[in-house]
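The values are calculated or read from the model by the stated rules, or taken from the named source; none is laboratory data. The structure presented is a predicted model; accordingly, all values stated were derived computationally and were not measured. Here Cβ is always computed from backbone atoms with ideal geometry, including for glycine, and neighbour counts include all displayed protein chains. To get the accessible areas, we keep the full protein, side chains included, count just its heavy atoms, and leave off ligands, DNA and RNA. Shrake-Rupley method; radii C 1.70, N 1.55, O 1.52, S 1.80 Å.
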Amino acid sequence: VIPQTRVTIRLNMVCPAGRPARSRAFVVAAGVFIARMATTAVSMNASHTRCSVLLTGREVNGKPNKRVDMCTDLPSRYPYGERFLTTTKSNDCQAATNQFKSWCKKAIISSQLSPRDHRYPDLPKDVGRRCTDDVVRNMSEPSEWTHYNLMHTSVLLCGHICRVNCSDVLLHLPPHSLAREVDNICKSHHIPIAALTEAIRKGIPDVEAPPAGALVVHLRVGDVLEDSASSVSKLLASQELFYSKPQTGYVKPLSFYDTVLSDDDISNRTVILVAAAHLGSNGDPRRLGWRAPLPIKSCLYVQYLRRYFLGRGAEEVILRLGNSPDNDIMYMSQAERFVPSGGQYSRLVFCFIKQRGNGTLYYSSDYWNHPVWMRYCVPNPPGTNEDHKEQTQSAGRGAGVAQTA
(Lines give C-alpha, C1' and ligand atoms only; values in the text may rest on other atoms or scores of the structure.)
Protein backbone atom coordinates (compact mmCIF):
# COMPACT_ATOMS: atom_id res chain seq x y z
CA VAL A 1 0.00 0.00 0.00
CA ILE A 2 1.41 3.37 -0.97
CA PRO A 3 0.71 6.09 1.60
CA GLN A 4 -1.21 9.03 0.21
CA THR A 5 1.10 11.96 -0.45
CA ARG A 6 0.20 15.41 -1.67
CA VAL A 7 2.57 16.45 -4.45
CA THR A 8 2.39 19.95 -5.83
CA ILE A 9 4.17 20.51 -9.12
CA ARG A 10 4.42 23.96 -10.63
CA LEU A 11 5.81 24.10 -14.16
CA ASN A 12 6.38 27.31 -16.04
CA MET A 13 6.91 26.71 -19.74
CA VAL A 14 8.15 29.52 -21.93
CA CYS A 15 6.41 29.84 -25.27
CA PRO A 16 8.27 31.06 -28.32
CA ALA A 17 6.68 34.46 -27.83
CA GLY A 18 8.25 34.57 -24.35
CA ARG A 19 4.99 34.33 -22.42
CA PRO A 20 4.75 31.89 -19.45
CA ALA A 21 2.17 29.14 -19.95
CA ARG A 22 0.87 26.39 -17.69
CA SER A 23 0.12 23.03 -19.19
CA ARG A 24 -2.43 21.11 -17.17
CA ALA A 25 -1.99 18.05 -19.37
CA PHE A 26 1.76 18.04 -18.80
CA VAL A 27 1.34 18.33 -15.01
CA VAL A 28 -1.07 15.38 -15.00
CA ALA A 29 1.37 13.29 -17.05
CA ALA A 30 4.21 14.16 -14.68
CA GLY A 31 2.07 13.15 -11.70
CA VAL A 32 1.32 9.76 -13.25
CA PHE A 33 5.02 9.21 -13.89
CA ILE A 34 5.98 10.02 -10.28
CA ALA A 35 3.29 7.69 -8.93
CA ARG A 36 4.58 4.83 -11.06
CA MET A 37 8.15 5.46 -9.87
CA ALA A 38 6.97 5.40 -6.24
CA THR A 39 5.18 2.10 -6.84
CA THR A 40 8.34 0.62 -8.37
CA ALA A 41 10.46 1.79 -5.41
CA VAL A 42 8.10 0.20 -2.89
CA SER A 43 8.08 -3.02 -4.91
CA MET A 44 11.89 -3.11 -4.98
CA ASN A 45 12.08 -2.54 -1.21
CA ALA A 46 9.66 -5.39 -0.65
CA SER A 47 11.75 -7.80 -2.72
CA HIS A 48 15.08 -6.93 -1.06
CA THR A 49 15.05 -7.75 2.64
CA ARG A 50 17.80 -6.52 4.95
CA CYS A 51 19.06 -9.38 7.11
CA SER A 52 21.29 -9.39 10.15
CA VAL A 53 23.66 -12.36 9.85
CA LEU A 54 26.11 -13.91 12.30
CA LEU A 55 28.56 -16.68 11.37
CA THR A 56 30.39 -18.23 14.29
CA GLY A 57 32.28 -21.40 15.11
CA ARG A 58 30.97 -24.53 16.72
CA GLU A 59 32.63 -25.20 20.05
CA VAL A 60 35.08 -28.09 20.15
CA ASN A 61 36.45 -29.01 23.58
CA GLY A 62 34.96 -25.81 24.94
CA LYS A 63 36.62 -23.55 22.35
CA PRO A 64 35.00 -22.16 19.19
CA ASN A 65 36.78 -23.05 15.99
CA LYS A 66 38.22 -20.48 13.65
CA ARG A 67 37.21 -19.21 10.25
CA VAL A 68 39.80 -21.35 8.50
CA ASP A 69 38.10 -24.44 9.93
CA MET A 70 34.45 -23.39 9.71
CA CYS A 71 34.13 -21.23 6.59
CA THR A 72 36.75 -22.21 4.04
CA ASP A 73 34.60 -21.03 1.09
CA LEU A 74 33.26 -17.82 2.62
CA PRO A 75 33.88 -14.87 0.26
CA SER A 76 36.45 -12.37 1.54
CA ARG A 77 33.94 -9.53 1.92
CA TYR A 78 32.04 -11.19 4.78
CA PRO A 79 33.41 -11.09 8.36
CA TYR A 80 33.42 -14.13 10.62
CA GLY A 81 32.27 -13.79 14.23
CA GLU A 82 30.91 -10.27 13.63
CA ARG A 83 27.23 -9.57 12.98
CA PHE A 84 26.70 -7.80 9.66
CA LEU A 85 23.83 -6.72 7.44
CA THR A 86 23.20 -8.16 4.02
CA THR A 87 20.31 -8.11 1.58
CA THR A 88 18.40 -10.93 -0.02
CA LYS A 89 15.81 -11.07 -2.78
CA SER A 90 13.50 -13.18 -0.65
CA ASN A 91 10.79 -11.86 1.66
CA ASP A 92 12.69 -13.36 4.60
CA CYS A 93 16.29 -14.25 5.44
CA GLN A 94 16.09 -17.90 4.51
CA ALA A 95 17.71 -17.39 1.10
CA ALA A 96 20.68 -15.62 2.71
CA THR A 97 20.96 -18.34 5.36
CA ASN A 98 21.03 -21.08 2.73
CA GLN A 99 23.73 -19.28 0.77
CA PHE A 100 25.97 -18.91 3.83
CA LYS A 101 25.43 -22.55 4.74
CA SER A 102 26.92 -23.53 1.39
CA TRP A 103 30.05 -21.48 2.19
CA CYS A 104 30.32 -22.31 5.91
CA LYS A 105 29.45 -25.97 6.19
CA LYS A 106 30.54 -26.30 9.82
CA ALA A 107 29.64 -22.91 11.27
CA ILE A 108 26.65 -21.87 13.33
CA ILE A 109 24.62 -19.45 11.24
CA SER A 110 21.88 -17.20 12.53
CA SER A 111 19.95 -14.56 10.61
CA GLN A 112 16.99 -12.33 11.27
CA LEU A 113 15.21 -9.33 9.80
CA SER A 114 16.91 -6.13 10.89
CA PRO A 115 15.47 -2.64 11.36
CA ARG A 116 19.04 -1.23 11.52
CA ASP A 117 20.47 0.78 8.66
CA HIS A 118 24.20 0.47 9.37
CA ARG A 119 26.37 -2.43 8.32
CA TYR A 120 27.65 -3.64 11.72
CA PRO A 121 24.71 -3.26 14.12
CA ASP A 122 26.49 -4.40 17.29
CA LEU A 123 29.00 -1.51 17.17
CA PRO A 124 28.56 2.28 17.31
CA LYS A 125 27.39 3.62 13.96
CA ASP A 126 30.38 5.96 13.49
CA VAL A 127 32.82 3.04 13.91
CA GLY A 128 31.25 1.03 11.11
CA ARG A 129 30.87 4.03 8.81
CA ARG A 130 34.60 4.73 8.95
CA CYS A 131 35.36 1.25 7.63
CA THR A 132 34.62 1.96 4.00
CA ASP A 133 35.83 -0.46 1.34
CA ASP A 134 38.90 1.69 0.61
CA VAL A 135 39.87 1.99 4.28
CA VAL A 136 39.52 -1.77 4.78
CA ARG A 137 41.70 -2.55 1.76
CA ASN A 138 44.37 -0.13 2.96
CA MET A 139 44.57 -1.96 6.30
CA SER A 140 46.54 -4.82 4.72
CA GLU A 141 50.32 -4.80 4.52
CA PRO A 142 51.87 -4.61 1.01
CA SER A 143 51.36 -7.81 -0.97
CA GLU A 144 55.06 -8.72 -1.19
CA TRP A 145 55.08 -9.03 2.63
CA THR A 146 52.04 -11.32 2.84
CA HIS A 147 53.95 -14.44 3.88
CA TYR A 148 56.75 -12.65 5.74
CA ASN A 149 57.18 -13.50 9.41
CA LEU A 150 60.16 -11.67 10.88
CA MET A 151 60.28 -13.46 14.23
CA HIS A 152 59.76 -16.97 12.87
CA THR A 153 62.27 -16.51 10.04
CA SER A 154 64.91 -15.09 12.40
CA VAL A 155 64.62 -18.08 14.71
CA LEU A 156 64.99 -20.43 11.73
CA LEU A 157 68.05 -18.62 10.42
CA CYS A 158 69.84 -17.89 13.69
CA GLY A 159 69.08 -21.25 15.22
CA HIS A 160 70.02 -23.09 12.01
CA ILE A 161 66.85 -25.13 12.32
CA CYS A 162 65.50 -24.57 8.82
CA ARG A 163 63.31 -27.53 7.93
CA VAL A 164 64.51 -27.02 4.39
CA ASN A 165 67.75 -25.54 3.19
CA CYS A 166 68.13 -22.07 4.71
CA SER A 167 68.93 -20.66 1.29
CA ASP A 168 65.35 -21.58 0.28
CA VAL A 169 64.05 -19.51 3.20
CA LEU A 170 66.09 -16.52 2.05
CA LEU A 171 64.87 -16.95 -1.51
CA HIS A 172 61.30 -15.97 -0.55
CA LEU A 173 62.20 -12.94 1.57
CA PRO A 174 61.55 -9.41 0.26
CA PRO A 175 64.74 -7.65 -0.90
CA HIS A 176 66.48 -5.54 1.75
CA SER A 177 64.29 -6.99 4.51
CA LEU A 178 65.38 -7.07 8.15
CA ALA A 179 65.33 -10.87 8.02
CA ARG A 180 68.12 -10.80 5.39
CA GLU A 181 70.16 -8.55 7.65
CA VAL A 182 69.47 -10.91 10.54
CA ASP A 183 70.91 -13.73 8.47
CA ASN A 184 74.15 -11.77 8.01
CA ILE A 185 74.38 -10.96 11.72
CA CYS A 186 73.63 -14.56 12.72
CA LYS A 187 76.81 -15.73 11.03
CA SER A 188 78.65 -14.34 14.05
CA HIS A 189 75.84 -14.10 16.62
CA HIS A 190 73.45 -16.99 17.19
CA ILE A 191 70.88 -15.41 19.54
CA PRO A 192 67.83 -14.38 17.46
CA ILE A 193 66.69 -11.54 19.75
CA ALA A 194 70.16 -9.98 19.80
CA ALA A 195 70.45 -10.30 16.02
CA LEU A 196 67.03 -8.72 15.53
CA THR A 197 67.72 -5.72 17.74
CA GLU A 198 71.04 -5.18 15.94
CA ALA A 199 69.30 -5.33 12.55
CA ILE A 200 66.75 -2.76 13.72
CA ARG A 201 69.52 -0.49 14.96
CA LYS A 202 71.17 -0.56 11.55
CA GLY A 203 67.94 0.11 9.66
CA ILE A 204 66.48 2.91 11.80
CA PRO A 205 68.32 5.83 10.12
CA ASP A 206 66.31 5.20 6.94
CA VAL A 207 62.89 5.41 8.64
CA GLU A 208 61.07 8.45 10.01
CA ALA A 209 60.57 8.76 13.76
CA PRO A 210 57.27 9.43 15.57
CA PRO A 211 56.65 13.05 16.64
CA ALA A 212 58.30 14.05 19.91
CA GLY A 213 56.13 13.25 22.92
CA ALA A 214 53.61 11.17 20.96
CA LEU A 215 52.14 8.04 22.52
CA VAL A 216 52.71 5.18 20.06
CA VAL A 217 50.33 2.22 20.45
CA HIS A 218 50.89 -1.02 18.55
CA LEU A 219 47.71 -2.92 17.68
CA ARG A 220 47.90 -6.59 16.75
CA VAL A 221 45.32 -7.09 14.02
CA GLY A 222 45.01 -9.28 10.92
CA ASP A 223 44.75 -13.06 11.07
CA VAL A 224 44.10 -13.36 14.81
CA LEU A 225 41.11 -11.02 14.56
CA GLU A 226 39.66 -12.17 11.26
CA ASP A 227 40.00 -15.85 12.19
CA SER A 228 38.41 -15.49 15.62
CA ALA A 229 34.83 -16.53 16.28
CA SER A 230 34.57 -13.66 18.77
CA SER A 231 33.07 -10.33 17.76
CA VAL A 232 35.01 -7.08 18.05
CA SER A 233 32.77 -6.08 20.97
CA LYS A 234 33.68 -9.27 22.82
CA LEU A 235 37.40 -8.84 22.12
CA LEU A 236 37.20 -5.28 23.45
CA ALA A 237 35.37 -6.47 26.57
CA SER A 238 37.79 -9.18 27.72
CA GLN A 239 41.17 -10.74 26.96
CA GLU A 240 40.99 -13.69 24.59
CA LEU A 241 43.80 -16.26 24.43
CA PHE A 242 44.02 -17.36 20.83
CA TYR A 243 45.97 -20.55 21.44
CA SER A 244 45.13 -21.15 25.11
CA LYS A 245 48.54 -19.91 26.26
CA PRO A 246 49.12 -16.74 28.32
CA GLN A 247 51.49 -15.27 25.72
CA THR A 248 48.83 -15.50 22.98
CA GLY A 249 46.67 -12.67 24.29
CA TYR A 250 47.39 -10.79 21.08
CA VAL A 251 44.41 -8.45 20.80
CA LYS A 252 44.16 -6.21 23.85
CA PRO A 253 40.80 -5.31 25.43
CA LEU A 254 39.89 -1.83 26.64
CA SER A 255 40.63 -2.84 30.23
CA PHE A 256 44.31 -3.21 29.29
CA TYR A 257 44.51 0.44 28.24
CA ASP A 258 42.44 1.47 31.27
CA THR A 259 45.05 -0.24 33.44
CA VAL A 260 48.35 0.79 31.90
CA LEU A 261 47.49 4.38 30.93
CA SER A 262 46.36 7.17 33.22
CA ASP A 263 44.31 10.04 31.83
CA ASP A 264 47.42 12.26 32.11
CA ASP A 265 49.28 9.87 29.79
CA ILE A 266 46.68 10.51 27.07
CA SER A 267 45.20 13.94 27.70
CA ASN A 268 46.19 16.61 25.15
CA ARG A 269 48.69 14.24 23.58
CA THR A 270 49.05 12.90 20.05
CA VAL A 271 48.25 9.19 19.98
CA ILE A 272 49.51 7.13 17.03
CA LEU A 273 47.88 3.76 16.41
CA VAL A 274 50.15 1.49 14.38
CA ALA A 275 48.58 -1.53 12.69
CA ALA A 276 48.77 -3.60 9.53
CA ALA A 277 46.69 -6.66 8.78
CA HIS A 278 48.85 -9.72 8.18
CA LEU A 279 46.72 -12.39 6.49
CA GLY A 280 49.35 -14.75 5.11
CA SER A 281 49.56 -18.48 5.63
CA ASN A 282 52.34 -18.37 8.29
CA GLY A 283 53.20 -21.86 7.13
CA ASP A 284 49.74 -23.20 7.99
CA PRO A 285 48.74 -25.58 5.17
CA ARG A 286 45.05 -24.90 5.87
CA ARG A 287 45.57 -21.31 4.74
CA LEU A 288 47.33 -22.08 1.49
CA GLY A 289 44.91 -21.26 -1.31
CA TRP A 290 41.99 -20.40 0.98
CA ARG A 291 39.88 -17.26 0.59
CA ALA A 292 41.78 -14.88 2.80
CA PRO A 293 39.31 -12.46 4.41
CA LEU A 294 39.38 -8.72 4.02
CA PRO A 295 40.50 -7.14 7.32
CA ILE A 296 37.04 -5.87 8.21
CA LYS A 297 37.16 -6.74 11.91
CA SER A 298 40.69 -5.32 12.10
CA CYS A 299 39.35 -2.01 10.79
CA LEU A 300 36.45 -2.02 13.26
CA TYR A 301 38.85 -2.71 16.15
CA VAL A 302 41.22 0.11 15.13
CA GLN A 303 38.38 2.59 14.61
CA TYR A 304 36.87 1.73 17.99
CA LEU A 305 40.21 2.40 19.69
CA ARG A 306 40.51 5.67 17.82
CA ARG A 307 37.14 6.59 19.36
CA TYR A 308 38.31 5.37 22.79
CA PHE A 309 41.49 7.49 22.88
CA LEU A 310 39.67 10.59 21.69
CA GLY A 311 37.13 9.97 24.42
CA ARG A 312 39.92 9.92 27.00
CA GLY A 313 41.18 13.33 25.94
CA ALA A 314 43.77 12.74 23.22
CA GLU A 315 44.45 15.88 21.21
CA GLU A 316 44.48 13.85 18.01
CA VAL A 317 44.65 10.21 16.98
CA ILE A 318 46.76 9.39 13.95
CA LEU A 319 46.23 6.05 12.21
CA ARG A 320 49.41 4.58 10.72
CA LEU A 321 48.02 1.65 8.79
CA GLY A 322 49.07 -0.85 6.14
CA ASN A 323 52.85 -0.44 6.14
CA SER A 324 55.37 -3.28 5.91
CA PRO A 325 56.29 -5.04 9.18
CA ASP A 326 59.92 -3.91 8.84
CA ASN A 327 58.95 -0.27 8.37
CA ASP A 328 56.55 -0.37 11.33
CA ILE A 329 59.01 -2.02 13.69
CA MET A 330 61.74 0.52 12.95
CA TYR A 331 59.24 3.37 13.28
CA MET A 332 57.90 2.17 16.64
CA SER A 333 61.38 1.43 17.98
CA GLN A 334 62.08 5.17 17.92
CA ALA A 335 59.06 6.05 20.05
CA GLU A 336 59.51 8.08 23.23
CA ARG A 337 56.37 6.49 24.70
CA PHE A 338 55.25 3.02 23.68
CA VAL A 339 52.33 0.74 24.48
CA PRO A 340 52.82 -2.85 23.22
CA SER A 341 50.19 -5.33 22.17
CA GLY A 342 50.46 -9.08 22.57
CA GLY A 343 52.80 -11.24 20.54
CA GLN A 344 56.53 -11.53 19.89
CA TYR A 345 56.63 -8.77 17.28
CA SER A 346 55.46 -6.16 19.78
CA ARG A 347 57.77 -7.57 22.45
CA LEU A 348 60.68 -6.97 20.12
CA VAL A 349 59.87 -3.25 19.94
CA PHE A 350 59.51 -3.22 23.73
CA CYS A 351 62.87 -4.95 24.03
CA PHE A 352 64.62 -2.53 21.68
CA ILE A 353 63.35 0.56 23.54
CA LYS A 354 64.35 -1.08 26.83
CA GLN A 355 67.87 -1.67 25.58
CA ARG A 356 67.98 1.80 24.03
CA GLY A 357 67.86 3.20 27.53
CA ASN A 358 65.52 6.17 27.03
CA GLY A 359 61.79 6.04 26.62
CA THR A 360 58.66 5.22 28.61
CA LEU A 361 57.05 1.79 28.33
CA TYR A 362 53.50 1.02 29.43
CA TYR A 363 52.69 -2.60 30.19
CA SER A 364 50.73 -4.87 32.50
CA SER A 365 52.34 -6.56 35.49
CA ASP A 366 52.41 -9.97 33.78
CA TYR A 367 54.13 -8.76 30.62
CA TRP A 368 57.46 -10.25 31.63
CA ASN A 369 56.12 -13.75 32.26
CA HIS A 370 58.15 -15.18 29.41
CA PRO A 371 61.51 -16.76 30.29
CA VAL A 372 63.12 -16.34 26.87
CA TRP A 373 62.53 -12.60 26.73
CA MET A 374 63.51 -12.12 30.38
CA ARG A 375 66.78 -13.88 29.66
CA TYR A 376 67.83 -12.47 26.32
CA CYS A 377 66.19 -9.04 26.06
CA VAL A 378 67.21 -7.44 29.34
CA PRO A 379 69.76 -9.12 31.64
CA ASN A 380 67.86 -7.89 34.70
CA PRO A 381 64.06 -7.75 34.52
CA PRO A 382 62.28 -4.63 35.80
CA GLY A 383 62.54 -4.09 39.53
CA THR A 384 65.86 -5.95 39.98
CA ASN A 385 68.23 -3.15 38.99
CA GLU A 386 68.38 0.40 40.32
CA ASP A 387 69.07 1.66 36.81
CA HIS A 388 65.58 0.57 35.77
CA LYS A 389 63.22 3.13 37.20
CA GLU A 390 59.73 1.78 37.72
CA GLN A 391 56.65 3.53 39.00
CA THR A 392 53.23 2.13 39.80
CA GLN A 393 50.49 4.66 39.29
CA SER A 394 47.35 5.20 41.29
CA ALA A 395 44.60 2.60 41.42
CA GLY A 396 41.96 2.57 38.73
CA ARG A 397 42.98 3.91 35.36
CA GLY A 398 46.74 3.79 35.08
CA ALA A 399 47.27 1.10 37.73
CA GLY A 400 49.72 -0.76 35.50
CA VAL A 401 53.42 -0.13 35.16
CA ALA A 402 54.97 2.85 33.42
CA GLN A 403 58.68 2.14 33.19
CA THR A 404 61.21 4.75 32.15
CA ALA A 405 63.95 2.83 30.36
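So the values come out like this:
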| read-out | value |
| --- | --- |
| Gyration tensor (alpha-carbon) shape descriptor, the range 64-124, a/c threshold 1.5 | oblate |
| Principal axis dimensions, the range 69-180 - Cα atoms, whole angstrom, descending | 60, 32, 19 |
| Reach of Lys234 by Cα under 19 Å, taken over aspartates and glutamates that are not fewer than 8 positions away in the same chain | Glu59, Glu82, Asp122, Asp126, Asp223, Glu226, Asp258 |
| Modelled FRET efficiency - R0 56 Å, Lys125 with Leu171, Cβ distances, 0.05 increments | 0.75 |
| Low-density loop cleavage sites - GluC sites (Glu not before Pro) in the range 176-209, where at most 14 other Cβ are within 10 Å (DSSP) | Glu208 |
| Where Glu240, Glu226 fall by accessible area, highest first, once all protein chains stay in place (1.4 Å) | Glu240, Glu226 |
| In nm, spacing of pseudo-spin labels at Asp258 and Ile108 (7 Å Cα→C-beta vector) | 2.6 nm |
| For the range 80-197: accessible area per residue (Å², 1.4 Å) | 56 Å² |
| Whether the range 170-283 is rounded, prolate or oblate, judged on the alpha carbon gyration tensor where a/c under 1.5 counts as rounded | oblate |
| Listed residues Trp103, Trp145 arranged by accessible area, highest first, probe 1.4 Å | Trp103, Trp145 |
| Cα-Cα over 21 Å, subset of Lys202/Lys252; Lys66/Lys125; Lys105/Lys245; Lys66/Lys297 | Lys202/Lys252; Lys66/Lys125; Lys105/Lys245 |
| FRET efficiency estimate (nearest 0.05) - Cβ-Cβ, Ser188 to His118, R0 51 angstrom | 0.35 |
| Carbon and sulfur %, accessible surface of the range 56-102 computed with the full protein complex present, 1.4 Å | 41 percent |
| Accessible heavy-atom area order of Asp117, Asp263, highest first, probe of 1.4 Å | Asp117, Asp263 |
| Area accessible to solvent at Tyr120, 1.4 Å probe radius, in Å² | 10 Å² |
